[in-house]
1. Rounded to the nearest 10 degrees, what's the angle between the helix 87-100 long axis and the longest principal axis of the chain, both from Cα atoms, 0 to 90?
2. Starting with the highest mean, order 5-17, 69-81 by the number of other Cβ atoms within 10 Å, averaged over the residues of each peptide.
3. If each residue's Cβ is checked for other Cβ atoms within 10 Å, how do 120, 146 rank with the fewest at the top?
4. Quick one: which residues, 5 or more positions from residue 15 or on another chain, have an amide H under 5 Å from its amide H? H modelled 1.01 Å from N in the peptide plane, none for Pro or chain starts.
5. From the C-alpha gyration tensor of the stretch 1-93, pull out the three semi-axes of the equivalent ellipsoid (sqrt of 5λ each), sorted largest to smallest, in whole Å.
6. For the stretch 86-182, what D do you get in µm² per second when you plug the Kirkwood radius from alpha-carbon pairs into Stokes-Einstein at 4 °C and 1.567 mPa s?
7. Just from its helices, what would the mean residue ellipticity at 222 nm be for the chain, if runs of 4 or more DSSP H residues each count -39500 (n - 2.57) and the sum is divided by every residue, rounded to the nearest 500 deg cm²/dmol?
8. With +1 on each Lys and Arg Cβ and -1 on each Asp and Glu Cβ, how big is the dipole of the chain about its Cα centre, in debye rounded to the nearest 20?
Amino acid sequence: MAALRFARRAHLGQHRKQTSEQFVEHPIAVARLLRDSGFDDEIIVAAYLHDVVEKTEIGLPEIRERFGPEVAEMVDALSEDNGVDGYADRKRALRRRVLASGRNPALIYAADRVANMRDWRKVRPEEREKIGARLDTTLEERFELWQEDLEELARLDSDLPFLAEIEFELRELRAETASAAA
């Protein structure tokens, strides 16, 4: 698929701060969740590309030209505003933007939450605070943001796919972290 090839090239040399995996594995995981749930190609293409504008030098006009206006709109909705200071404020601004953009960006966002939490679960519980510090946050702040994500996504659409997965992953992360701290 052209979007996957494009994402691989765009994210070449980038690594996830949580797991040190190649960064492109994250959008692949998000796209896989959506594909396995039966969503259409346009949403899957946007899932592969959802971090390209935010994490690389590639701009929205190139996404629009290569993949069309609908995909570009979803990618735009899913791109953080780096002008917002503070980790939590930036994440909340992104969530507001996504929720205001409609169901398709919200679907990708929900799948992204699941993939992010699964990445965090790959990290040994005793290492999670150190990883959080590299991301300019704390694990407790992440838990709070993910809980807010779950609540806001459910308010948008209580039947939105991935809500149960978000709730499960969050519960497991909290339990693993609490167990490691005990």
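Only the coordinates and a few stated rules stand behind these numbers; no lab work does. This is a predicted model, so every value here is computed, not measured. As a convention, Cβ positions derive from the backbone with ideal geometry for all residues, glycine included, and neighbour counts pool all protein chains shown.
1. Result, in degrees: 50.
2. On the way: 5-17: 15.2, 69-81: 19.5.
Ranking, from highest mean packing down: 69-81, 5-17.
3. So the ranking, lowest neighbour count to highest, is 146, 120.
4. 23
5. For the stretch 1-93, the semi-axes come out at 20, 16, 14 Å.
6. 94
7. On the way: 11 runs with 129 residues, N = 182.
So the helix-based figure for the chain works out to -22000 deg cm²/dmol.
8. Working: 29 positive and 38 negative charges, 104 e Å.
Dipole magnitude for the chain comes out near 500 debye.
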